[in-house]
Amino acid sequence: MAAPAEPVHDVPSSGTGGPLRIGVSACLLGQEVRYDAGHKREPFVAEVLARHVELVPVCPEVAIGLGVPREPIRLEGTAAAPRAIGVLSRDLDVTERLRGYGRQTAERLADISGYILKSKSPSCGLRRVKLVGEDGRLRRSATGIFAAELERALPLLPMVEEDDLGEPAMRENFMERVYGYRRWQDLRQQGLTYERLARFHAAHELILLSRSRAALLRLRRLLASAGDRPIDALAQEYGKAFMQALARPASRRGHAAALERLLRGLRRQLEAEDRVELEELIAAYRSGRLPRIVPLTLLRHHLRRHRSAELDRQLYLAWPQIVLGQWCAP
């Protein structure tokens, strides 16, 4: 994994020494733990992602004592309160065991920075899990029992189903959220202060701008109220809003705004022809005629020649590298 272009003081880029850890449904790594003694190996997860991060395999159904092979389970009831019931044995109800294991896992793996879950699973599926309603009709609106407990216990944790990682933009967004959450974990571990929170925010300004100007302004307003609020309460609200902002995929318009902000920061140091060249490249990116890496690379080049303490702090400059560039190309 490539290192950030420049160090960002007091804002960890990938952790405080330990490996980046991501939880994953064990079947996605090829472990034969499914009800039919099979697996659902996902090559991207098992072959690509595993080279860059530490994957922590979990199979909640095996962990609660269901065998391999075993009777399959399904969700029944309502989306708000589903139950995990045996397909063949109606008296088999493992709902509470799965909930309990979800809570235990959230506590045991509190240091993970993301989670990849098996789609459609009555235990692990995040969305659109098959549910037999109280009227006997089939629906696709539930969350797996184990996954729901993880979300409840770790509401800021980036979570995704393996199906979503088939889209390059979704891969990139998930890893951006993972690294953002890891830096947030590290900030909390260092000890929260108003000054550290302000530096954390300053380093992420352009990343936030690329997602949503409204979200950026909201976070700025939160920091403006810092002196009137206890740091723990402020951080709790800030962390939630920060992760919500990262969950929104960056747009071409947002990236162009971030690139233009970088250019404004360099305007006085650049020759007229260099400014014009960058303006043209950013305009070409905005219109879809060039990839973002073209103006971004040239901006990095000029930043190496014309140092700027304010711009050097921006993690946006390192973001494509942080996100495993070769498979999450900007």
Q: Would you calculate the separation in nanometres between label points at R300 and E32, each defined as 7 Å from the Cα along the Cα-to-beta-carbon direction?
A: 4.5
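For a Förster distance of 45 Å, can you work out the FRET efficiency between the beta-carbons of R90 and S225, rounded to the nearest 0.05?
On the way: r = 54 Å, r/R0 = 1.21.
The pair R90/S225 has a calculated efficiency of 0.25.
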**Q.** Percentage, to the nearest whole number, of Cα pairs in the chain over 34 Å apart
**A.** 33
Q. Counting Lys +1, Arg +1, Asp -1, Glu -1, what net charge surrounds P69 among other residues with beta carbon under 15 Å of its beta carbon?
A. -1
Q. Which of the lysines could a cross-linker bridge to K130, judged by Cα under 24 Å and excluding same-chain residues fewer than eight apart?
A. K40, K118, K120
Q) Please state the equivalent ellipsoid semi-axes for the stretch 21-166: what are the square roots of 5 times the Cα gyration tensor eigenvalues, largest first, in whole Å? A) 24, 16, 14
Q) If you plug each phi of the stretch 36-42 into the Karplus form 6.51 cos²θ - 1.76 cosθ + 1.60 with θ = phi - 60°, what whole-Hz ³J(HN,Hα) values come out, in order, with x for Gly and Pro? A) 9, 6, x, 9, 9, 3, 10
Q) In which sequence would K118, K40 go, from the one with the fewest C-beta neighbours within 10 Å to the one with the most? A) K40, K118
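For the chain, calculate the relative contact order in percent as a whole number, restricting contacts to Cα pairs under 8 Å that are 6 or more residues apart.
Details: 519 pairs, mean separation 61.0, N = 330.
Taking the mean separation of contacting Cα pairs over the length of the chain, I get 18 percent.
Could you list the trypsin sites (Lys or Arg not before Pro) in the stretch 130-165 that lie in coil according to DSSP, counting only those with at most 14 other Cβ atoms within 10 Å of their Cβ? Intermediate values should be presented prior to the final figure.
Numbers: sites: K130, R137, R139, R140, R152; in loops: R137.
The qualifying sites are R137.
About its Cα centre, how strong a charge dipole does the stretch 21-166 have in debye, to the nearest 20, once Lys and Arg get +1 and Asp and Glu get -1 at the Cβ? Before the final figure, lay out the partial values.
Details: 22 positive and 21 negative charges, 48 e Å.
Charge dipole, the stretch 21-166, about its Cα centre: 220 debye, nearest 20.
Determine the calculated [θ] at 222 nm for the chain from helices alone, applying -39500 (n - 2.57) to every DSSP H run no shorter than 4 residues and normalising by the residue count; nearest 500 deg cm²/dmol. Write down the numbers at each step before the final one.
Values: 13 runs with 147 residues, N = 330.
Only helices count here, giving -13500 deg cm²/dmol.
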Q) Roughly how many nanometres apart are two label points built 7 Å out from the Cα toward the Cβ at R140 and R261? A) 3.8
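Which shape class applies to the stretch 176-330: rounded if a/c is under 1.5, otherwise prolate when a/b exceeds b/c and oblate if not, where a ≥ b ≥ c are the square roots of the Cα gyration tensor eigenvalues?
Details: a/c = 2.06, a/b = 1.73, b/c = 1.19.
Prolate, because a/c is 1.5 or more and a/b exceeds b/c.
Mind giving me the FRET efficiency for R127 and Q236? R0 is 25 Å, r the Cβ-Cβ distance, nearest 0.05 is fine.
Details: r = 26 Å, r/R0 = 1.03.
Rounded to the nearest 0.05, the efficiency is 0.45.
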Q: Evaluate the charge dipole of the stretch 43-120 about its Cα centre and quote only its size in Debye, nearest 20, assuming +1 on the Cβ of each Lys and Arg and -1 on the Cβ of each Asp and Glu.
A: 140
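Which of rounded, prolate, oblate describes the stretch 141-182, given a ≥ b ≥ c as roots of the alpha-carbon gyration tensor eigenvalues and a/c under 1.5 marking rounded, otherwise prolate only if a/b is larger than b/c? Display every interim value, and only then the final one.
Numbers: a/c = 3.62, a/b = 1.32, b/c = 2.75.
Because a/c hits 1.5 or more and a/b fails to exceed b/c, the stretch 141-182 counts as oblate.
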(Q) What does the C-alpha gyration tensor say about the overall shape of the stretch 101-179? Classify as rounded when a/c is under 1.5, otherwise prolate if a/b is larger than b/c, or oblate. (A) oblate
Q: Go through the stretch 271-281 residue by residue and turn each phi into a ³J(HN,Hα) via Karplus (6.51, -1.76, 1.60, θ = phi - 60°); whole Hz please, and just put x for glycine and proline.
A: 5, 4, 5, 5, 4, 5, 4, 5, 4, 5, 5
Q: Can you tell me the dipole magnitude for the stretch 162-280 around its Cα centre, using point charges on the Cβ only (Lys, Arg +1; Asp, Glu -1), in Debye to the nearest 20?
A: 580
Q: Compute the long axis of helix 95-108 from its Cα atoms, compare it with the longest principal axis of the Cα atoms of the chain, and write down the angle in degrees, 0 to 90, nearest 10.
A: 40
Q: Go through P82, L270, G144 and say which Cα lies farthest out towards the positive end of the charge dipole of the chain; charges sit on Cβ, +1 for Lys and Arg, -1 for Asp and Glu.
A: L270
Q: Lys and Arg at +1, Asp and Glu at -1: add these up for the other residues within a Cβ distance under 15 Å of G102 and post the number.
A: +2
Q. How high is the relative contact order of the stretch 21-166, given as a whole-number percent (alpha carbon pairs under 8 Å, six or more residues apart)?
A. 23
**Q.** Residues whose placed amide H lies under 5 Å from that of V56, excluding near-sequence neighbours
**A.** I22, G23, V24
Q. Between R307 and E277, what is the label-to-label distance in nm when each label sits 7 Å out along the Cα-to-Cβ direction?
A. 2.3
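Please give the FRET efficiency for Q189 paired with Q269, using the beta carbon to beta carbon distance and R0 = 41 Å, rounded to the nearest 0.05. Before the final figure, lay out each step's value.
On the way: r = 37 Å, r/R0 = 0.90.
Step by step, r from the Cβ atoms, then E = 0.65.
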**Q.** Per-residue ³J(HN,Hα) for the stretch 172-182, Karplus 6.51 cos²θ - 1.76 cosθ + 1.60, θ = phi - 60°, Hz, x for Gly and Pro
**A.** 4, 5, 4, 5, 4, 5, 4, 5, x, 5, 4
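We did not get these values from a lab; they are worked out from the coordinates using the rules stated. Everything numeric in this text was worked out from a predicted model, so none of it was measured. Cβ sites come from the backbone with ideal geometry, for glycine too, and all protein chains shown count toward neighbours.
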